[in-house]
1. I need every pair where a residue in region 1-25 that is closer than 23 Å to D54 by Cβ has its Cβ under 7 Å from the Cβ of a residue that is at pLDDT below 95 and polar (S, T, N, Q), sequence separation at least 6 or different chains.
2. Can you tell me which residue within region 1-48, out of those that are surrounded by 15 or more Cβ atoms within 10 Å (Cβ to Cβ) and touching a Pro at 6+ places or on another chain (Cβ under 8 Å), is farthest from E59 (Cα to Cα)?
3. What pairs come up if the first residue lies in region 43-61 and is closer than 15 Å to F6 by Cβ, the second is surrounded by fewer than 13 Cβ atoms within 10 Å (Cβ to Cβ), and their beta carbons are under 7 Å apart, counting only those six or more places apart or on different chains?
4. Kindly indicate whether any position in region 25-33 is outside any helix (DSSP H, G or I), among the β-branched types (V, I, T) and modelled with pLDDT under 90.
Amino acid sequence: MRILGFEGPFSGTRHEFMVFGEHRQTVPSNTEFSVPQLKMLLRQVGLILGRKVDAAEWEGL
């Protein structure tokens, strides 16, 4: 996510998080993300960036 402009990851109380401007995005702590976790992360990052991040762009990260 750093390639998209996020800073971090930083340690939180339960999970690490990344920062984009004034927005804070929690990063799940498990080694493999579930499908619902990944869908939520993709949706939230798109809202923070103000644009949709397509599959090809995610593949390139």
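The values are calculated or read from the model by the stated rules, or taken from the named source; none is laboratory data. What you see is a predicted model, and the numbers here were worked out from it, not measured in a lab. Every residue, glycine as well, gets a Cβ built from its backbone with ideal geometry; the counts of neighbours run over all protein chains shown.
1. Final answer for the pair search is F6/Q25; M18/Q25; Q25/Q44.
2. Taking the candidates together, the pick is F17.
3. Qualifying pairs under 7 Å: G46/K52; L61/I3.
4. At the first step, the residues of region 25-33 found to be outside any helix (DSSP H, G or I) are 25-33.
Still in the list and also among the β-branched types (V, I, T): 26-27, 31.
Among the residues that remain, those that are also modelled with pLDDT under 90 are: 27, 31.
For region 25-33, residues outside any helix (DSSP H, G or I), among the β-branched types (V, I, T) and modelled with pLDDT under 90: present.
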